[in-house]
Amino acid sequence: MASHWRFSGILNARSGNRLDVLSGIDNAFTGILNQRPNKVSDDFYNHSLTSYFNRAAFAQPVPGTLGDLPRNAVVGPNFWNVDLAVSKLIAVGGTQRLELRLESFNLLNHFNWGDPVLNFNAGTFGRITTQAGTPRILQFGIKYDF
């Protein structure tokens, strides 16, 4: 009973996405809303769900000017996930066999934060309102080969 088990796993780990903070208003009077704010400080992060970004590190540009924050200046939360499958082949007789299988997606039930709100003009700026990935999912299976 303790032999002939098969294990297969996947570790998915990646750093956060490069993100572009937007001012949310047309300060330069160009008709384009995808303008960036000014950079006030290099301390961009608070790293919490309700305030991932430090709002004091950014400021709206003076009317008639563009912001000086570079494109993709901030990085979102990282992501990691472990999937695992365990299966056992049982010979039933001759060429017949039974396979028992258990699969777990997000085995450790790790909560991965989604990207924060990037509109500096929004009241929810820097707040993380989504989850990346899925919660733990278990799947059982039986296969009969004949």
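The values are calculated or read from the model by the stated rules, or taken from the named source; none is laboratory data. Predicted model, so just to flag it, every value in this text is computed and none were measured. Cβ atoms come from the backbone with ideal geometry, glycine included; neighbour counts cover every protein chain shown. In case anyone asks, the SASA skips ligands and DNA or RNA and just uses the protein heavy atoms, side chains included. Shrake-Rupley method; radii C 1.70, N 1.55, O 1.52, S 1.80 Å.
Brief remarks follow.
- Complete set of residues in the stretch 41-62 that are among the hydrophobic types (A, V, I, L, M, F, W, C), in contact (Cβ under 8 Å) with a residue 60 or more places away in the chain and either surrounded by 16 or more Cβ atoms within 10 Å (Cβ to Cβ) or farther than 20 Å from PHE79 by Cβ (or both): PHE53, PHE58
- Residue that is least open to solvent (accessible area, probe 1.4 Å) [pool: residues in the stretch 89-123 that are among the charged types (D, E, K, R) and modelled with pLDDT under 95]: GLU99
- Exactly one residue out of ASN12, ASN81 is open to solvent by less than 40 Å² (accessible area, probe 1.4 Å) and touching a strand residue (DSSP E or B) at 6+ places or on another chain (Cβ under 7 Å), and it is ASN81.
- Candidates GLY126, GLY141, filtered to the one that is in a strand (DSSP E or B), open to solvent by less than 50 Å² (accessible area, probe 1.4 Å) and not hydroxyl-bearing (Ser, Thr, Tyr): GLY141
- Residues of the stretch 108-137 that turn out to be touching a residue at least 40 places away in the same chain (Cβ under 8 Å) and either under 27 Å from SER23 (Cβ atoms) or hydrophobic (A, V, I, L, M, F, W, C) (or both), as a count: 13
- Selection of the stretch 15-40 for residues being basic (Lys, Arg) and either open to solvent by less than 80 Å² (accessible area, probe 1.4 Å) or in a loop (DSSP other than H, G, I, E, B) (or both) yields only ARG36.
- In the set VAL82, VAL86, only one residue is under 30 Å from HIS4 (Cα atoms), over 21 Å from the mean Cα position of the chain (by Cα) and in contact (Cβ under 8 Å) with a residue 40 or more places away in the chain; that residue is VAL86.
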